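Here is the structure we will look at.
The values are calculated or read from the model by the stated rules, or taken from the named source; none is laboratory data. Keep in mind that this is a model prediction, so the values were computed, not measured. Every residue, glycine as well, gets a Cβ built from its backbone with ideal geometry; the counts of neighbours run over all protein chains shown.
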Amino acid sequence: MKIAYRLFIPALLLLIAGLSCKPKGKPDNAVEAPKAAYDEPHRPWFHFSPPANWMNDPNGMVYYEGEYHLFYQYYPDSNVWGPMHWGHTVSRDLVSWEHLPIALYPDSLGYIFSGSAVVDWNNSSGLGKDGRPPLVAIFTYHNSEGEKAGRSDFQTQGIAYSNDKGRTWTKYPGNPVIPNSENIRDFRDPKVRWHEESKQWIMIFAAFDHLKIWGSPDLIRWKLLSNFGKEWGAHSGVWECPDMFPIEVEGGDDTKWVILSSINPGGPSGGSATQYFVGEFDGEKFTLDPGFAKTVAKGKGVWLDGGRDNYAGVTWSDIPASDGRRLFMGWMSNWDYAQVVPTTVWRSAMTLPRELTLHKTPSGYRIFSLPAKELQALRDTRAAIPGAAIEGTLDLDSTLNGISPASMELRLDFIHSGPEADFGVELSNNTGDIYKIGFNAATNRWYSDRSKSGKNDFSESFTGLTPASATRVSDSKTVRFHLFFDASSAELFADDGANILTNVFFPQAPFSKAKIYSGNGKVKLIGGEAFGLRRIW
């Protein structure tokens, strides 16, 4: 994908005019990055971040022969967005990552924008060799010269293939495999999967304000099957980075199909966000579940993450059936301020890997997210947190037994005192920075407050309190916090993954103190536990 700033101009009818497909010039703080040391201020301990320079969307996420491949939008020459490449890293456990050389470089057809990768198990493409299946990457070409010339067909879809476990890639000589015959300026971000029932490859990608679904027998010859989305969901910005997959409903035998679609701008808290849709897919068309359709009438969205910093996320392809999980990762930033955050050696990190599950709730079908179980390998030291009745604050410093709040997993269960309760976790340091993440019973929402969390003058869009984009799903009396803090980020998996908040912050010094706070009456802490988390770099 790219940066998609849009100007919406009312006239006789609502005209939507696209501006530039990349930033107009570099921010003043753009620099050539020195060599990474992985101990820079704000550098994550256990999230993936590039060695140096600019990163955005995760791309090409595929599992093959024991390796989770993560490609990503990468500009190796500066710490702000530029001509896009595909960076590359692999992991055997979703925890530790091995940096690999850049996989795909721009060429005469354009920059290499976002896309996906699959294992072509039956060599339908004919691109494999020696009886082994090729890895095939599907991506968007962005022709900047065509854009500058005022054309609208400057984004097309291409493929590349690898026969050495993704270490080297060859671009298909017949690219593009899908030209832009409809002259749509925002025509990008293909996500591909095999559809066994119709015996074909299915591709879904974004076309400005909707999604297109294509089919192919061989990953090379494609035909348009259907369109989805013009009449559904949030439409205050450009649609990007879709995904489509089947998923079993928890606690039953039913299977639904889910579409993820990121949008920028237009997120419920400002800037970038990801909405989703639940329904059926028959090999040609995606049809919304009737109950879910009432929730996503045009202009309304159901959001994957209630925070501000989870965007363009998609799921891994080719996870073995013996595993069966739907594993997800997103870009942990927001286009409102991604290029000006106060890091210099590198820019951006990915979210933690998450398992997505689908549940039928009183509000309808909802996706829950849980931290991937492999993350438990990060746990170093453990501290038990005893129950207590809290009115005001409860310092956790002595209870944590040396665990640093700057790199900590925290699980807490509460029962709140009434409809006015407001409680949560506060991190602080000796420089006076404070970050809060909590639950407000009056609004029935979680929230993140980074207004005093440290450096925040780099963007007017960054500061303030961010309430979750949806009310609490669970009706249990027990309110559950499951938090991961990592230097400059917080990820909350509330009520066993029913509500999610992901937010970044930039303290002037590492957070060194933690407390539980309760306003507007007492809250009962049932108990909890904390884990110190080790570095992966």
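Of the residues in region 162-172, at least one is over 14 Å from LEU127 (Cα atoms), touching a Leu at 6+ places or on another chain (Cβ under 8 Å) and not β-branched (Val, Ile, Thr). Inspect all residues belonging to region 286-294 and state whether any of them is more than 18 Å from SER114 (Cβ to Cβ), in contact with a strand residue (DSSP E or B) (Cβ under 8 Å, 6 or more places away or on another chain) and small (Gly, Ala, Ser). Yes, that holds for at least one residue.
Considering GLY283, GLY233, GLY266, GLY313, the condition of being closer than 29 Å to ASP336 by Cβ and surrounded by fewer than 24 Cβ atoms within 10 Å (Cβ to Cβ) is satisfied by GLY266 alone.
Residues in region 400-427 that are farther than 22 Å from PHE46 by Cβ and either of a type in the set (Ser, Thr, Tyr) or part of a loop (DSSP other than H, G, I, E, B) (or both): SER417, GLY418, PRO419, GLU420, ALA421. Taken as a whole, the condition of being in contact with a Leu (Cβ under 9 Å, 6 or more places away or on another chain) and either touching a residue at least 60 places away in the same chain (Cβ under 8 Å) or outside the structural domain of GLY324 (by TED's automatic domain parsing) (or both) applies to LEU396. Here's a check for you: in region 416-440, which residue that is at pLDDT 95 or above and of a type in the set (A, V, I, L, M) is nearest to ALA389 (Cα to Cα)? Result: VAL425. Any residue at all in region 183-200 that is part of a strand (DSSP E or B) and either farther than 28 Å from TYR105 by Cα or among the hydroxyl-bearing types (Ser, Thr, Tyr) (or both)? Looking through region 183-200, at least one residue is part of a strand (DSSP E or B) and either farther than 28 Å from TYR105 by Cα or among the hydroxyl-bearing types (Ser, Thr, Tyr) (or both). Across region 115-130, which residue is nearest to HIS195 (Cα to Cα) among those that are buried (at least 19 other Cβ atoms within 10 Å of the Cβ) and touching a Lys or Arg at 6+ places or on another chain (Cβ under 9 Å)? The selected residue is VAL118. Only one of the numbered conditions (1) surrounded by fewer than 17 Cβ atoms within 10 Å (Cβ to Cβ); (2) assigned to a loop (DSSP other than H, G, I, E, B) is violated by ALA377, and that is (2). Suppose the filter is touching a strand residue (DSSP E or B) at 6+ places or on another chain (Cβ under 6 Å), part of a strand (DSSP E or B) and crowded, with 21+ Cβ neighbours inside 10 Å; does HIS99 pass it? Considered against the rule, which asks whether it is touching a strand residue (DSSP E or B) at 6+ places or on another chain (Cβ under 6 Å), part of a strand (DSSP E or B) and crowded, with 21+ Cβ neighbours inside 10 Å, HIS99 comes out as no. Among residues of region 37-60 that are more than 21 Å from ILE102 (Cβ to Cβ), those with a beta-carbon under 6 Å from a residue that is among the aromatic types (Phe, Trp, Tyr) at least six positions away or on a different chain give the pairs HIS42/PHE506. For region 170-189, the criterion of being among the hydrophobic types (A, V, I, L, M, F, W, C), surrounded by fewer than 23 Cβ atoms within 10 Å (Cβ to Cβ), more than 20 Å from GLU145 (Cα to Cα) and out of contact with any helix residue (DSSP H, G or I) (no Cβ under 8 Å at 6 or more places or on another chain) is satisfied by no residue at all. Screening ASP336, ASP305 for residues that are in a loop (DSSP other than H, G, I, E, B), buried (at least 21 other Cβ atoms within 10 Å of the Cβ) and touching a Ser or Thr at 6+ places or on another chain (Cβ under 7 Å) leaves exactly one candidate, ASP305. Do we have any residue at all in region 306-313 that's among the polar types (S, T, N, Q), in contact with a strand residue (DSSP E or B) (Cβ under 7 Å, 6 or more places away or on another chain), over 28 Å from ILE138 (Cα atoms) and touching a residue at least 40 places away in the same chain (Cβ under 8 Å)? Taking every residue of region 306-313 in turn, none turns out to be among the polar types (S, T, N, Q), in contact with a strand residue (DSSP E or B) (Cβ under 7 Å, 6 or more places away or on another chain), over 28 Å from ILE138 (Cα atoms) and touching a residue at least 40 places away in the same chain (Cβ under 8 Å). For region 404-439, a residue qualifies if it is within 16 Å of ASN503 (Cβ to Cβ) and without any contact (Cβ under 8 Å) to a residue 60 or more places away in the chain, and the qualifying residues are ILE434, PHE439.
Among the residues of region 389-406, is any surrounded by 18 or more Cβ atoms within 10 Å (Cβ to Cβ), more than 30 Å from ASP289 (Cβ to Cβ) and in contact with a His (Cβ under 7 Å, 6 or more places away or on another chain)? Checked against the condition, which is being surrounded by 18 or more Cβ atoms within 10 Å (Cβ to Cβ), more than 30 Å from ASP289 (Cβ to Cβ) and in contact with a His (Cβ under 7 Å, 6 or more places away or on another chain), region 389-406 yields no hits at all. Selection of region 102-114 for residues being in contact (Cβ under 8 Å) with a residue 60 or more places away in the chain and surrounded by fewer than 19 Cβ atoms within 10 Å (Cβ to Cβ) yields ASP107, LEU109.
Could you check, for region 309-328, whether at least one of its residues is of a type in the set (Gly, Ala, Ser), closer than 23 Å to HIS235 by Cα and outside any helix (DSSP H, G or I)? Yes, because at least one residue in region 309-328 is of a type in the set (Gly, Ala, Ser), closer than 23 Å to HIS235 by Cα and outside any helix (DSSP H, G or I).
Among the residues of region 428-435, is there at least one that is assigned to a strand (DSSP E or B), among the β-branched types (Val, Ile, Thr) and touching an Asp or Glu at 6+ places or on another chain (Cβ under 8 Å)? Within region 428-435 (the criterion being assigned to a strand (DSSP E or B), among the β-branched types (Val, Ile, Thr) and touching an Asp or Glu at 6+ places or on another chain (Cβ under 8 Å)), the answer is yes, since at least one residue qualifies.
Only residues that are surrounded by 24 or more Cβ atoms within 10 Å (Cβ to Cβ) and in contact with a His (Cβ under 7 Å, 6 or more places away or on another chain) were counted across region 339-350, and they come to 2. Kindly provide the set of residues from region 373-414 that are in contact with a Lys or Arg (Cβ under 6 Å, 6 or more places away or on another chain) and among the small types (Gly, Ala, Ser), ordered by number. If the condition is that a residue be in contact with a Lys or Arg (Cβ under 6 Å, 6 or more places away or on another chain) and among the small types (Gly, Ala, Ser), then ALA389 is the only one that fits.
The rows are residues; the columns are (1) within 17 Å of the chain's Cα centre (by Cα); (2) modelled with pLDDT under 95; (3) among the hydroxyl-bearing types (Ser, Thr, Tyr); (4) closer than 23 Å to ARG411 by Cβ.
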| site | (1), (2), (3), (4) |
| --- | --- |
| ALA338 | yes, no, no, no |
| ARG347 | yes, no, no, no |
| LEU352 | yes, no, no, yes |
| LEU358 | no, no, no, no |
| SER369 | yes, no, yes, yes |
| GLU374 | no, no, no, yes |
| LEU378 | no, no, no, yes |
| ALA384 | no, no, no, yes |
